[in-house]
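The values are calculated or read from the model by the stated rules, or taken from the named source; none is laboratory data. Computed from a predicted model, the values in this text were never measured in an experiment. Heads up, the Cβs are rebuilt from the backbone with ideal geometry, glycines too, and the neighbour counts pull from every protein chain shown. Each accessible area value is taken on the protein alone, full model and side chains, heavy atoms only, with ligands, DNA and RNA left out. Shrake-Rupley method; radii C 1.70, N 1.55, O 1.52, S 1.80 Å.
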Amino acid sequence: MRESNIPNKILKWYDNNKRILPWRKKTSTKNREYFTLVSEFMLQQTQVKTVVPYFEKFIKNFPNLKSLASANDQKILKHWEGLGYYSRARNLKKTAIKILKEFNGNLPKDVEKLMSLPGIGEYTSRSILAIAHNRPYIPMDGNVERIIKRIFLLKEEKEISKENLIKKKAFFSYSKRSNDYAQAIMEIGALVCKPISPSCSICPLTLNCKAFKKKDFLVKSKNKLNKTKYFEACIYRHKNKYLLIKNKKFNFLKNLVIFPMNEINEKKFKYSLSKKINIKMSNMNMKIIISENNKLKKTRDSLLVDKSNINKHILPSFTKKIFNSLQN
DNA sequence: TGTCCACGTCT
DNA sequence: AAGACGTGGAC
């Protein structure tokens, strides 16, 4: 093995350092396809550590494509509760159905067919090809992108264009052990070549890394300034029952259960004497007044939920946070 | 406290 | 094609 062979260095590191993860267990081809599908959906925008317990529970309840395709939507969502980006769960079911109907229950083996499935885009299609089908693809996720930028010390707008990154990615091409190799690169990104304070002393690629040589790790600050929006949450309580509603009003957490809310202006928020809490959402910071004892009419979408029964509903963390703030 | 991760997918 | 969609943990 030549010292300069990057794929070999990466794989050797992986063999010695990979995490034991439930979707990496040796299993049948069919299971591997299904495990890859489920885990990759869960891993979109979500860290490994968060996904692990969800994956295990999900697989127990929906052990194969068929059971998932025929499962009740609410039951699927219940097992997604707290994971966020709930359209992933809805799309996963649609994809399971489509695979059974249109592809005879076989996970497709080319990018176009995979991308035709709901919830599968460029990243996931390539990760499935590599991980489930052992094809020589390297999916471009945040980890891979960061590694490429550092290895080649890419900083200019032009250099970090998508096309250029894909071109540079070819530098890592390798045709064997594609399953391990794709996961290995992402694993190095997650465990070693971290966004902040990378662990260069244990990195197998330091000799190949321009960022390391220049001591310039491109710690980026995108400064995506999230806007702040103001809301009033109306808490109607009767003894131990709370009024919740199925959200049709706001674009976030669509069709999930929330406390009734209105958007308000900054002034009203500022001068309110009610309890206030902050909740971060994906693209905004929410500042919320907790107004208790409001009189509310029951509507078609409202439900009166007993405190002890509250977990029977699918509650996004957003709702749980507000609920918890009431208990203090 | 506030910022970042977080290119992932869909609209 | 810019913005929407959740969450939690590191720092």
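Could you please let me know if A:Leu205 is touching a helix residue (DSSP H, G or I) at 6+ places or on another chain (Cβ under 8 Å), surrounded by 12 or more Cβ atoms within 10 Å (Cβ to Cβ) and at pLDDT below 90?
no
Can you name the residue in segment A:87-96 that is within 16 Å of the chain's Cα centre (by Cα) and open to solvent by less than 20 Å² (accessible area, probe 1.4 Å) and is also farthest from DNA strand C (Cβ to nearest atom) among such residues? Ranking the qualifying residues of segment A:87-96, first place goes to A:Leu92.
Tell me the residue from A:Lys210, A:Lys246 that is away from DNA strand B (no atom under 16 Å from the Cβ) and in the same structural domain as A:Lys109 (by TED's automatic domain parsing), please. Before you say what the answer is, go through the steps one by one.
Details: A:Lys246 fails: in the same structural domain as A:Lys109 (by TED's automatic domain parsing).
Result: A:Lys210 is the single residue among A:Lys210, A:Lys246 that is away from DNA strand B (no atom under 16 Å from the Cβ) and in the same structural domain as A:Lys109 (by TED's automatic domain parsing).
Given the condition among the polar types (S, T, N, Q), more than 16 Å from DNA strand C (Cβ to nearest atom) and more than 25 Å from A:Ser175 (Cα to Cα), answer yes or no: does some residue in segment A:69-86 qualify? Yes, some residue in segment A:69-86 is among the polar types (S, T, N, Q), more than 16 Å from DNA strand C (Cβ to nearest atom) and more than 25 Å from A:Ser175 (Cα to Cα).
Is it the case that segment A:99-122 has a residue that's under 30 Å from A:His313 (Cα atoms), more than 9 Å from DNA strand B (Cβ to nearest atom), modelled with pLDDT of 90 or more and in the same structural domain as A:Leu21 (by TED's automatic domain parsing)? Yes, there is a match, as at least one residue in segment A:99-122 is under 30 Å from A:His313 (Cα atoms), more than 9 Å from DNA strand B (Cβ to nearest atom), modelled with pLDDT of 90 or more and in the same structural domain as A:Leu21 (by TED's automatic domain parsing). Scanning segment A:13-67 for residues that are buried (at least 16 other Cβ atoms within 10 Å of the Cβ), among the hydroxyl-bearing types (Ser, Thr, Tyr) and over 22 Å from A:Gly121 (Cβ atoms) turns up just one, A:Tyr14. Here segment A:225-253 is the region considered, the condition is being within 17 Å of A:Met284 (Cβ to Cβ) and open to solvent by 80 Å² or more (accessible area, probe 1.4 Å), and the residue that is nearest to DNA strand C (Cβ to nearest atom) is A:Asn251. In segment A:105-112, the condition of being within 14 Å of DNA strand C (Cβ to nearest atom) and crowded, with 17+ Cβ neighbours inside 10 Å is met by no residue.
If the condition is being in a loop (DSSP other than H, G, I, E, B), modelled with pLDDT of 85 or more and surrounded by fewer than 13 Cβ atoms within 10 Å (Cβ to Cβ), then segment A:266-324 contributes only A:Leu273.
In summary, A:Lys78 fulfils each of the numbered conditions (1) away from DNA strand B (no atom under 14 Å from the Cβ); (2) open to solvent by 60 Å² or more (accessible area, probe 1.4 Å); (3) of a type in the set (D, E, K, R) with the single exception of condition (2). Taken over segment A:254-265, the criterion of being part of a loop (DSSP other than H, G, I, E, B) and either within 23 Å of A:Arg90 (Cβ to Cβ) or within 16 Å of DNA strand C (Cβ to nearest atom) (or both) is satisfied by A:Lys254, A:Asn255, A:Leu256, A:Phe259. If I filter segment A:149-162 for residues that are in contact (Cβ under 8 Å) with a residue 60 or more places away in the chain and surrounded by fewer than 19 Cβ atoms within 10 Å (Cβ to Cβ), do I get at least one hit? Scanning segment A:149-162 turns up at least one residue that is in contact (Cβ under 8 Å) with a residue 60 or more places away in the chain and surrounded by fewer than 19 Cβ atoms within 10 Å (Cβ to Cβ). Segment A:132-217 holds helices (runs of 4 or more DSSP H) entirely within its bounds, and those carrying 3 or more residues that are β-branched (Val, Ile, Thr) and away from DNA strand C (no atom under 16 Å from the Cβ) map to A:142-151.
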